[in-house]
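Engineer: First the structure, then my questions, so here it is.
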Amino acid sequence: MSDLFLGIDCSTQSMTGLVIDFDNKTIVYNNSINYEHDLPHYKTKNGVYISEDGKVVHSNPLMWVDALEMLLKKLIVSGLPTHMIKTISGSGQQHGTVYLNKFFENVLDSLDHHKTLTTQLKNVFTRLTSPIWMDSSTSKQCEEIREVLGGKEALIKITGSNTFERFSGPQIRKFYQEDPKNYAKTSIIHLVSSFLSSLLLGKNSPIDHGDGAGMNLMNIKTKQWDNKALEATAPDLLNKLPRLSPSYKVIGTISDYFINKYGFSPNTLLIPWSGDNPNSLIGLGATQKGNIAISLGTSDTYFSYMKELSFDLKGEGHIFGAPTGDYMSLICYKNGSLAREKVKDQFQLSWAEFSEILRKTPPGNYGKIMLPYFFPEIVPLVLDPQVFRYGFEEDDLNGNIRAIIEAQFLSMKLHSEWIKEKPIQIYSTGGASENIEILQVAADIFNIDIIKYSITNSAALGAAIRSIKSYFESNGEPIKWEKILKDFLPLQRNELIRARPEFKELYMDMLELYRKYENFKINQEENPEKYRIEFINKYFS
Ligand code: ADP
Ligand code: XUL
């Protein structure tokens, strides 16, 4: 076996470790810990704690620590020679924050490898749970910050995004306002990514520009903390944040705890962890203009590599840093996999049965339209979840299944119009990208072919690939992204889902119909029922 590279992904529902043997162009290890099933004593459902009204969504940072240790134990048991791992990087669900006291770095510096990480870290948190990307309880703080920074457009031009409920800045402000004592006791606030990176490093790790851009705190042009944004958020915040770093820069070597306990070499290099979406950009090979990806994980996201910085002044989308040092654009939905699961579970179906219904029902669904806000939604902003059905009822099995999938991709097409990149193909990833029938609906609605990979966790893969690039660079042997990706990624592709041209017109009409229904419900515009009848007459009579 030759040089190995490890990528770890701490996502909403699970933690994955993936190891690449780069010389042999193979993935030699790929395994996950599922929080709900493998760590049941944390009592999460799908990896999270959700309040009754659905607005407050937290997870448990100690559970992530436990999962990391469990993952590394599995790696050892598998017989993988950890001492041959040259570089490690990782990926975290974006926006989530971890609040730590002044003892954090001392504890990291003096970890005893005979004891577990959780025993030693249990007293370092000033907030026992972490608000995550699914949280939508900070509308008040979003408004306050937006106002101080001069309104939506000004804010977008500073941080790359409007304020969003799940973003770290508004979440930090809420903690400061609701629990000032513990805010004062907080020495450092990490993202999920930089928190886990700190454990491996044995001291505070920087936040990379990719994940840093999801905080409403980083200036998207200078890639520095923005003083005005910090002041608008909470007092003394600069002193409570780690430094920022390019995603590719080596930050040090692995700490003694992991060397002694898991057999890593003392020379193992570390590079900053990034967000799951920036990592996926690399893991899917979407590093050039015109590359578009959809990720169908717990969240559904649509994102694109961006060379020249440009903004969505309407304020629905985001600009993040890309691990290449450039930018990426993104829109994100909360009603992704968990909404699909709601419908699947309501009718007690397996995914195979769910897919079978998608196969046998017609595109256009006889004019049945759903607005699928099972959970609060980001685009369009819906804080009080409710599902709207037009032309069918809640107990219509076939109708509901096709309606939710069509709604998700019609909405994605509608709200990604501001992303000017026009794709030739779309790369897909995430748990639901296993499902060819779901991808077929997406391909037909976008009228673009979709590439499916055999690895559905492109975030872990992207982290491992980033490690390769930084390793060669730190050895004075610069290697281009294209070279690594070209040699490796095509081997992972396993299917092309073709858009069917015969449904192009139908879905263009349905997109306009869907737009009208959203405007009807969200902006109180005219009831478009007569257009729905026209659509039915055109395609189904
Ligand atoms: P995350 O990384 O956000 O934790 P994943 O990318 O691992 O999430 O995706 C997990 C989701 O994948 C599950 O919630 C499940 O709904 C979905 N999933 C798994 N298999 C299928 C399938 N065959 N069809 C549709 N969805 C699936
Ligand atoms: C992106 C977002 C989610 C999380 C969880 O802005 O909120 O995609 O990164 O995967």
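Engineer: Restricting the search to the range 206-241, which residues are closer than 28 Å to residue 307 by Cβ, open to solvent by less than 10 Å² (accessible area, probe 1.4 Å) and not hydrophobic (A, V, I, L, M, F, W, C)?
Structural biologist: Passing the criteria: 206, 208, 210, 211, 212, 214, 216.
Engineer: Follow-up question, since we're still on this one. For residue 283, work out the one condition from (1) more than 16 Å from ligand 1 (Cβ to nearest atom); (2) touching a Gly at 6+ places or on another chain (Cβ under 6 Å) it doesn't fulfil.
Structural biologist: Every listed condition holds for residue 283 apart from (1).
Engineer: Quick one: would you say residue 27 is part of a strand (DSSP E or B) and under 23 Å from residue 338 (Cβ atoms)? Don't jump to the end; show me each part of the working.
Structural biologist: Working: part of a strand (DSSP E or B): yes; under 23 Å from residue 338 (Cβ atoms): no.
Taking the combined requirement at face value, the residue does not satisfy it.
Engineer: Answer with yes or no whether residue 314 is open to solvent by 10 Å² or more (accessible area, probe 1.4 Å) and at pLDDT below 95.
Structural biologist: Working: open to solvent by 10 Å² or more (accessible area, probe 1.4 Å): yes; at pLDDT below 95: yes.
Yes; evaluated as a whole, the condition is true for this residue.
Engineer: Okay, moving on. For the range 113-169, how many residues are open to solvent by less than 10 Å² (accessible area, probe 1.4 Å), closer than 30 Å to residue 70 by Cα and assigned to a helix (DSSP H, G or I)?
Structural biologist: So the count comes out to 3.
Engineer: Here is a follow-up. Evaluate the following for residue 62: is it modelled with pLDDT of 95 or more, crowded, with 16+ Cβ neighbours inside 10 Å and under 28 Å from residue 174 (Cβ atoms)? Quick ask: steps written out before the conclusion?
Structural biologist: Numbers: modelled with pLDDT of 95 or more: yes; crowded, with 16+ Cβ neighbours inside 10 Å: yes; under 28 Å from residue 174 (Cβ atoms): yes.
Taking the combined requirement at face value, the residue satisfies it.
Engineer: Related question: Hey, residue 247 hits all of (1) over 25 Å from residue 157 (Cα atoms); (2) more than 16 Å from ligand 1 (Cβ to nearest atom) but one; which does it fall short on?
Structural biologist: (1)
Engineer: Sticking with this one: Would you mind stating whether residue 95 is modelled with pLDDT of 95 or more, away from ligand 2 (no atom under 16 Å from the Cβ) and either not charged (D, E, K, R) or not in a helix (DSSP H, G or I) (or both)?
Structural biologist: On the way: modelled with pLDDT of 95 or more: yes; away from ligand 2 (no atom under 16 Å from the Cβ): no; either not charged (D, E, K, R) or not in a helix (DSSP H, G or I) (or both): yes.
Answer is no for this residue.
Engineer: Would you confirm whether or not the range 270-283 contains a residue that is assigned to a loop (DSSP other than H, G, I, E, B) and at pLDDT below 95?
Structural biologist: Step one: filter the range 270-283 for residues assigned to a loop (DSSP other than H, G, I, E, B), giving 271-273.
In the following step, the residues that additionally are at pLDDT below 95 were identified as none.
Scanning the range 270-283, I find no residue that is assigned to a loop (DSSP other than H, G, I, E, B) and at pLDDT below 95, so the answer is no.
Engineer: What is the one condition in (1) within 15 Å of ligand 1 (Cβ to nearest atom); (2) part of a helix (DSSP H, G or I) that residue 335 does not satisfy?
Structural biologist: The one condition residue 335 does not meet is (2).
Engineer: Could you tell me which of the residues 295, 274, 280, 265 is away from ligand 2 (no atom under 11 Å from the Cβ) and either closer than 21 Å to residue 82 by Cβ or touching a residue at least 12 places away in the same chain (Cβ under 8 Å) (or both)?
Structural biologist: Working: 295 fails: away from ligand 2 (no atom under 11 Å from the Cβ); 274 fails: away from ligand 2 (no atom under 11 Å from the Cβ); 280 fails: away from ligand 2 (no atom under 11 Å from the Cβ).
After applying the criteria, what remains is 265.
Engineer: Also, quick follow-up: Just a yes or no: is a residue in the range 195-211 over 23 Å from residue 128 (Cβ atoms), modelled with pLDDT of 95 or more, in contact with a Gly (Cβ under 8 Å, 6 or more places away or on another chain) and of a type in the set (D, E, K, R)?
Structural biologist: yes
Engineer: Another question, if that's okay. Is it the case, given these coordinates, that residue 338 is touching a residue at least 24 places away in the same chain (Cβ under 8 Å), touching a Phe, Trp or Tyr at 6+ places or on another chain (Cβ under 9 Å), open to solvent by 10 Å² or more (accessible area, probe 1.4 Å) and within 12 Å of ligand 2 (Cβ to nearest atom)? So that I can check it myself, show each step before the final result.
Structural biologist: Numbers: touching a residue at least 24 places away in the same chain (Cβ under 8 Å): yes; touching a Phe, Trp or Tyr at 6+ places or on another chain (Cβ under 9 Å): yes; open to solvent by 10 Å² or more (accessible area, probe 1.4 Å): yes; within 12 Å of ligand 2 (Cβ to nearest atom): yes.
So residue 338 passes the test.
The values are calculated or read from the model by the stated rules, or taken from the named source; none is laboratory data. As the structure is a prediction and not an experimental result, all values here were calculated from the model. Don't worry about glycine lacking a Cβ; one is built from the backbone with ideal geometry, like all the others, and counts go over all protein chains shown. Each accessible area value is taken on the protein alone, full model and side chains, heavy atoms only, with ligands, DNA and RNA left out. Shrake-Rupley method; radii C 1.70, N 1.55, O 1.52, S 1.80 Å.
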